[in-house]
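Contents: one structure, followed by commentary.
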Amino acid sequence: MAAVDTHEAHHGGALHHQFEDIEQQNDTYIVGMWSFLVTEVMFFGALFLMYTLYRWSYIEDFYLAHEHLNVVMGSTNTMILLTSSFSMAMAVHFAQVKNKKLVLATLSFTVVCAFAFLVIKGFEYAEKFKDHLYPGVGFNTNADTLHQANMNHAQLFYALYFGMTGLHAVHVIVGIIVIGALMFLWARNARSVTEDYVSTEMVGLYWHFVDIVWIFLFPLFYLMPKPH
Amino acid sequence: MAKTPVQSAHAHGEHTSPVTYFATFLALCVLMALTVGASFIQLPGFWFISGTAVNNIVAIGIAIAKALLVILIFMNVRHSSNLAKLYVLAGFSTFTLMFIILADYGTRRYEPAPSWSNVADPALPRTIGTTDHLPNVPINSLNVRPRQ
């Protein structure tokens, strides 16, 4: 057993008995997290495929309906998520150098960004709800609000808009919970996070994935080119 | 139970520096400004590619560049094991393969299906592009209940 202890002491990580060394343990964690993220890619992938199909079918109407979205709010949210991704990457760096104070500071900043994102999204949704732009029997019939787009096709656009940005927002909420749990463990000096930075890195992987989804949602919904 | 000696000291030298993270963040901001800027310009088409398609290709190209920066540097995939890299590659390439199904939508002939309003009407768009050759579809019949 002495050999195991020396091994562990050298790496400073909490090596579990089923792993040969800390390398293998960390690799297992990372591969496990990525296999989850691959299922997430498939989850969002179906929605991206549906979006592509309908936008291709109704390119003019989608362009007209998209003019109602607020590009300034969308751009602000993109900047907020990019900034939060940067602070998450820094949190992983500080976890590697075991600087608890800065880990907590950067994670707090990431959570603040996540909340700011949701607040702005909330204002955007409120605007759409006010104009009856959610799909369903009560859908808006005012041609000006739809920017002269065909009502049925505009409804498809808004179904995709709420479906995709809504699912993304759910992921942001889950991210807040997971980062919150990680911060709790750091604050409590839990060995599972302080001894091994990979716990922080895995939460980081999730948060960066949420950012990647938005990187694609932003140009697809807010920056449609005028058909020409 | 003989443990192998430390075989992986190199792994600890592979952490990304804060400077690299910050440079990546700045690059992401620049790409973000570029994509917003490009969306306000109507880019010209060439050969058989329309200007709209060029705009879309630029927007998606920039998004892919941003995603690559996040994956390779923020998610540290460039320093991950080959097995982790294989998972990343498999995940994103399967995603792109899924779009092959658009070939079916693009080539299938129009197939009317009964809708809720009992009007012969496609429940799903079975065709892509112009619908001029199709029977005139009355408004509010895209599988939407008629308004009271």
- Query: Measuring from centroid to centroid over Cα atoms, what is the spacing of region B:30-46 and region A:26-95 in Å?
  - Reply: 19 Å
- Would you mind telling me the share, in percent, of accessible area of chain A contributed by carbon and sulfur at probe 1.4 angstrom? 68 percent
- Task: State in Å² the accessible area per residue of region A:44-222; use a 1.4 Å probe, count heavy atoms of protein chains only, and round to the nearest integer.
- Result: 36 Å²
- Task: Keeping all protein chains in position, work out how much accessible area A:CYS113 exposes to a 1.4 Å probe, and write it in Å² to the nearest 10.
- Result: 10 Å²
- Spatially proximal lysines relative to B:LYS66 (Cα-Cα < 24 Å; intrachain offsets below 8 disregarded): A:LYS121, A:LYS226, B:LYS85
- By Kyte-Doolittle mean hydropathy of at least 1.0 and Cα axial length of at least 20 Å, which whole DSSP H helices of chain A are selected? A:71-96, A:151-187, A:198-222
- A:HIS66: accessible area at probe 1.4 Å, nearest 10 Å²? 20 Å²
- From highest to lowest solvent-accessible area (probe 1.4 Å; ligands, DNA and RNA excluded), A:THR76, B:THR107 read B:THR107, A:THR76
- Task: With a 1.4 Å probe and every protein chain left in place, tell me how much accessible area A:HIS147 has, in Å² to the nearest 10.
- Result: 50 Å²
- Task: Please compute how much accessible surface disappears when A pairs with B, both sides summed, using a 1.4 Å probe, and round it to the nearest 100 Å².
- Result: 5900 Å²
- Message: Taking the Cα centre as origin and putting +1 on Lys and Arg beta-carbons and -1 on Asp and Glu beta-carbons, what dipole magnitude results for region A:44-222, to the nearest 20 debye?
- Response: 740 debye
- A:LYS130, A:LYS101, reordered so the largest accessible area comes first (probe 1.4 Å): A:LYS101, A:LYS130
- Rounded to the nearest 500 deg cm²/dmol, what is the calculated helix-only ellipticity per residue at 222 nm for chain A, with -39500 (n - 2.57) per DSSP H run of length n ≥ 4? -27000 deg cm²/dmol
- Which order do peptides A:120-127, A:190-197 fall in by mean Cβ count within 10 Å, highest first? A:190-197, A:120-127
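The values are calculated or read from the model by the stated rules, or taken from the named source; none is laboratory data. Quick caveat: nothing in here was measured; it's all calculated off a predicted structure. Glycine also receives a Cβ, built like all others from the backbone with ideal geometry; neighbour counts cover every protein chain displayed. Please note that ligands, DNA and RNA were not included when accessible areas were found on the heavy atoms of the full protein model with its side chains. Shrake-Rupley method; radii C 1.70, N 1.55, O 1.52, S 1.80 Å.
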